[in-house]
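Reviewing the structure listed below.
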Amino acid sequence: MSKLLIKNIKQLLQVREETSGPVKGKDMDVLPCIENAWLAVEDGIIADYGSMDDFPGIADWSKLEIVEADGRLVLPTWVDSHTHIVYAGSREGEFTDRIKGLTYEEIAQKGGGILNSAKKLQNASEEELLASALERCNEIISQGTGAVEIKSGYGLTTEAELKMLRVIKRLKELTPLTIKATYLAAHAVPMEYKTQKDKYVDLIINETLPKVAEEKLAEFIDVFCEKNYFTPEETERVLEAGKKYGLVGKVHAEQMSNYGGVITGVKCGAISVDHLEYVEEKEIKALLSSQTIPTILPGAAFFVSLPNPPARQMIDAGLPVAIASDFNPGTSPSGNMNFMQSLSCVQYKMTPNECVNASTINSAYAMNVGDSLGSITIGKKANFFITKKMNNVDMIPYAFGSNPVESVYLNGKKVSVK
Ligand code: NIG
Ligand code: FE
């Protein structure tokens with residue numbers, strides 16, 4: 001049995017006796033914390049915690065690995081519930097074009113955007129994709145992420161979609177991250193299907209999906225519900241087809257316009273609806289009578305200069321909000337969840353406490369790992385990070401651009417992240 005004790009923790013944050021769902025509304029500004037704490041881990045699982053003032057006597061110190069936190073904070077690792085980190089190449093040319101005045105849509109219409117990444121990915125080998133994705137996994141671990149959802153959607157052919165999902169499966173085996181995979185063939189319409197989109201939706205549902213299910217390559221199914229991409233009706237068709245194979249729905253919704261993705265997601269029982277820049281009152285109302293978790297992706301809104309999603313209004317209305325990075329080569333070439341906190345505080349007026357809840361417990365439920373991750377709770381996986389020396393948790397969004405993370409423990413083991 002391996003035993004680990006973290007001592008003299010200045011603040012042990014996000015400590016919850018039990019969790020049964022995302023934290024909502026006013027509760028999002030409450031971040032339970034033990035000052036001057038200890039944390040015990042056994043065989044990769046959180047075994048106990050408490051205050052140093054009531055530190056229990058330990059019979060046999062020799063079998064115990066002891067880490068002196070000495071004034072540092074401990075938080076559960078970030079849960080990044082929306083990424084596209086398996087991709088080939090990069091799209092800095094489009095970035096420069098946008099600076100010069102082209103819009104994301106204009107670039108996409110010219111064959112750039114998702115189709116640009118699809119062309120690159122179709123020509124890349126599984127090994128190449130794996131190597132670059134592993135680098136990104138190591139990068140996000142060093143920034144405090146311990147669990148990540150990864151989507152397909154740069155394949156857009158049966159073969160290339162399966163290739164992406166197989167890479168994700170190998171990442172699950174090769175990294176200490178907790179990973180969930182999402183089938184997102186409904187990410188863009190390939191050029192050859194532009195005038196016959198129905199045929200592409202048929203292919204997604206009738207040809208590729210059964211293979212994805214047979215190889216058990218995905219837990220979720222997702223659709224980019226947007227003008228020039230997939231309509232609410234097509235979104236519903238894809239999500240309902242996924243359900244038949246046990247895949248849980250997610251939707252890229254209301255990113256570029258108010259188009260119906262949220263309402264469709266709620267109707268189909270999606271676990272989350274993500275982006276939400278164009279959410280209005282009617283979407284907030286629909287979300288309030290659902291279990292669907294609204295997820296904001298501040299990196300994408302920032303990088304493509306989209307309007308702010310109404311995070312404040314959603315929380316004030318009593319909703320839970322999750323934060324994820326959307327790490328992808330087009331709209332968010334960063335998976336840095338610390339920077340996502342800064343963006344959410346400054347741009348959306350979320351408090352640092354709300355951001356931590358949004359990026360741990362709420363994002364954990366948004367990727368269906370809330371029972372085992374997202375808080376310091378006895379019985380959950382020992383996934384946590386120790387910060388550099390700092391006053392309090394507000395320092396994380398405050399010191400934007402610097403890495404607050406000193407060391408990362410996943411499944412109770414320190415991960416080498418250099
Ligand atoms: O989440 N919105 C659609 N999909 C991605 C963008 C993908 C890309 O541009 O490559 C997103 O922002
Ligand atoms: Fe996305």
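The values are calculated or read from the model by the stated rules, or taken from the named source; none is laboratory data. Treat the numbers as computed from the prediction; the structure is a model and nothing was measured. Heads up, the Cβs are rebuilt from the backbone with ideal geometry, glycines too, and the neighbour counts pull from every protein chain shown. We work out accessible area using only protein heavy atoms, side chains counted, and drop any ligands, DNA or RNA first. Shrake-Rupley method; radii C 1.70, N 1.55, O 1.52, S 1.80 Å.
With over 30 Å from Val189 (Cβ atoms), free of Cβ contacts under 8 Å to residues at least 40 places away in the same chain, aliphatic (A, V, I, L, M) and open to solvent by 20 Å² or more (accessible area, probe 1.4 Å) as the only criterion, which of Ala47, Ala59 stands out?
On the way: Ala47 fails: free of Cβ contacts under 8 Å to residues at least 40 places away in the same chain.
Only one candidate passes the filter, namely Ala59.
Looking only at strands (runs of 3 or more DSSP E) that fall completely inside the stretch 51-92, which ones have 1 or more residues that are more than 19 Å from Asn392 (Cβ to Cβ) and within 16 Å of ligand 1 (Cβ to nearest atom)? Give the steps one after another, and end with the answer.
Working: elements: 64-68, 72-76, 78-83.
Once the strands (runs of 3 or more DSSP E) in the stretch 51-92 are filtered for at least 1 residues that are more than 19 Å from Asn392 (Cβ to Cβ) and within 16 Å of ligand 1 (Cβ to nearest atom), what remains is 78-83.
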*Among the residues of the stretch 17-27, is there at least one that is farther than 30 Å from Ile150 by Cβ and crowded, with 17+ Cβ neighbours inside 10 Å?*
no
*Among Leu12, Leu31, which is the only one that is modelled with pLDDT of 95 or more and part of a strand (DSSP E or B)?*
Leu12
_Ile141 vs. criteria part of a helix (DSSP H, G or I) and either closer than 27 Å to Met340 by Cα or more than 16 Å from the chain's Cα centre (by Cα) (or both)_ = yes
*asked:* Take the conditions under 26 Å from Gly113 (Cβ atoms) and open to solvent by 10 Å² or more (accessible area, probe 1.4 Å) and apply them to Tyr193. Does it pass?
replied: yes
*Would you point out the residue of the stretch 137-162, among those that are closer than 24 Å to Asn116 by Cα and of a type in the set (Gly, Ala, Ser), that is surrounded by the most Cβ atoms within 10 Å (Cβ to Cβ)?*
Ser152
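Can you pull out every residue in the stretch 200-209 that is among the aliphatic types (A, V, I, L, M) and either open to solvent by 10 Å² or more (accessible area, probe 1.4 Å) or outside any helix (DSSP H, G or I) (or both)? If you could, list the steps in order and put the result at the bottom.
Going residue by residue through the stretch 200-209, those that are among the aliphatic types (A, V, I, L, M) are 201, 203-205, 209.
Matches in the stretch 200-209: Leu203, Ile205.
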*Looking at (1) in contact with a Gly (Cβ under 8 Å, 6 or more places away or on another chain); (2) closer than 30 Å to Phe220 by Cα, can you tell me which one Pro56 breaks?*
(2)
